[in-house]
Ligand SMILES: [Fe+2]
Ligand SMILES: [Fe+2]
């Protein structure tokens, strides 16, 4: 078997390892699980958040807050007349495997939108700093609309997630504010890049739009773009976060976000194929876009076209598949297998982290427009 063919067989095996969702309980269990690859919920140091000072960027900050106040998406997250029929017909046409991949996509997207909602809302409640409080309130407003809109699509299948229960029962990871800034900036910008790439593809190929929710992605991703802008301003207002040893944290988080996305997306090959996309090409397009946008704040970019980088991403994927298979096998052999593959993936990760990066000067003009 060629390497390519064998990789595809392994992709099929990994797809088979996505826990299938047949009931609202299954959907809830999937949303609640926290692993290396699934969306997490976060807490942080709220006092440190309260001490943030953005006054050095006052005019940019106030212009951004005015955009949130203007709320140009206030009427966007409502269904139009044809939504339900399109959803019904679209889902009836999907194979059971593709349906599972799409449900997996909806559940993980809903969980990560809601993760932002909880974090921003919690910060908003705990701080008195008017700049941070206003920003967090607006972002929580947006993420709550996003999570609710996806959840209503899940409810169409009787698979709605009990978001209140999720908030109570899912575990929380503590991140220092600077890690929140790096990770959340990236996930907002990568969220924009993912949604806009799908939207543009389906705009060109409307016959491949198997669910109406994708029609909402264009205006939706402008919210994510603006959330990313907010974290860019916060980081640029604290320049020490963008130099010295912190540059290693930027490299670490960028690689973590890219690698997680690469592995996760390759568990949904049929969904990308149905949209006329190839998982690998789609991911590299999203990395390229994210890299370009993040020039506003990150003084380094990963060399995503380096052959060692590309081979390393494939290796991380192969190790995740092997790890999942060992876990499913169970027993002592399975445990040893899991430890072995986790260690090997860790080594690959370190190797990728040490690859040379491209340096770039930070621009005087910080804000970027969502023009992709
Ligand atoms: Fe969102
Ligand atoms: Fe967002």
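The values are calculated or read from the model by the stated rules, or taken from the named source; none is laboratory data. Here the structure is a predicted model, which is why all the values come from computation and not from measurement. So basically every Cβ, Gly included, is an ideal-geometry build from the backbone, and we count neighbours across all protein chains shown.
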Hey, can you tell me all the residues within the range 282-305 that are out of contact with any helix residue (DSSP H, G or I) (no Cβ under 9 Å at 6 or more places or on another chain) and farther than 20 Å from residue 249 by Cα? none
Determine which single condition residue 57 fails, assuming it passes every other condition in (1) at pLDDT 95 or above; (2) in contact with a strand residue (DSSP E or B) (Cβ under 8 Å, 6 or more places away or on another chain). (2)
Test result for residue 200, surrounded by fewer than 17 Cβ atoms within 10 Å (Cβ to Cβ), within 20 Å of the chain's Cα centre (by Cα) and within 14 Å of ligand 1 (Cβ to nearest atom): no
Picked from the range 147-161 (must be within 16 Å of ligand 2 (Cβ to nearest atom) and crowded, with 20+ Cβ neighbours inside 10 Å), the residue nearest to residue 40 (Cα to Cα) is 147
For the range 14-22, indicate whether the set of residues that are surrounded by fewer than 16 Cβ atoms within 10 Å (Cβ to Cβ), modelled with pLDDT of 80 or more and in a helix (DSSP H, G or I) is non-empty. no
Which listed residue, of 213, 234, 196, is assigned to a helix (DSSP H, G or I) and more than 18 Å from residue 112 (Cα to Cα): 234
Take the residues in the range 257-307 that are farther than 30 Å from residue 240 by Cα and free of Cβ contacts under 8 Å to residues at least 12 places away in the same chain; name whichever of them is surrounded by the most Cβ atoms within 10 Å (Cβ to Cβ). 272
Can you find a residue that is over 28 Å from residue 242 (Cα atoms), under 20 Å from the mean Cα position of the chain (by Cα), free of Cβ contacts under 8 Å to residues at least 40 places away in the same chain and outside any strand (DSSP E or B) anywhere in the range 321-332? no
Of 302, 233, 242, which residue is at negative phi, out of contact with any strand residue (DSSP E or B) (no Cβ under 8 Å at 6 or more places or on another chain) and away from ligand 2 (no atom under 16 Å from the Cβ)? 242
Working carefully through the options 144, 187, find the one that is under 17 Å from residue 227 (Cβ atoms), within 12 Å of ligand 2 (Cβ to nearest atom), touching a residue at least 40 places away in the same chain (Cβ under 8 Å) and part of a helix (DSSP H, G or I). 187
Looking only at helices (runs of 4 or more DSSP H) that lie completely in the range 30-125, which have at least 2 residues being within 16 Å of ligand 1 (Cβ to nearest atom), within 24 Å of residue 323 (Cβ to Cβ) and in contact with a helix residue (DSSP H, G or I) (Cβ under 8 Å, 6 or more places away or on another chain)? none
Do we have residue 164 as surrounded by fewer than 22 Cβ atoms within 10 Å (Cβ to Cβ) and not in a helix (DSSP H, G or I) here? no
Residue 195 passes all but one of the listed conditions (1) surrounded by fewer than 20 Cβ atoms within 10 Å (Cβ to Cβ); (2) without any contact (Cβ under 8 Å) to a residue 40 or more places away in the chain; (3) under 17 Å from the mean Cα position of the chain (by Cα); the exception is number (1)
Any chance the range 217-225 includes a residue that's within 16 Å of ligand 1 (Cβ to nearest atom), farther than 20 Å from residue 256 by Cα, in contact (Cβ under 8 Å) with a residue 12 or more places away in the chain and out of contact with any helix residue (DSSP H, G or I) (no Cβ under 7 Å at 6 or more places or on another chain)? yes
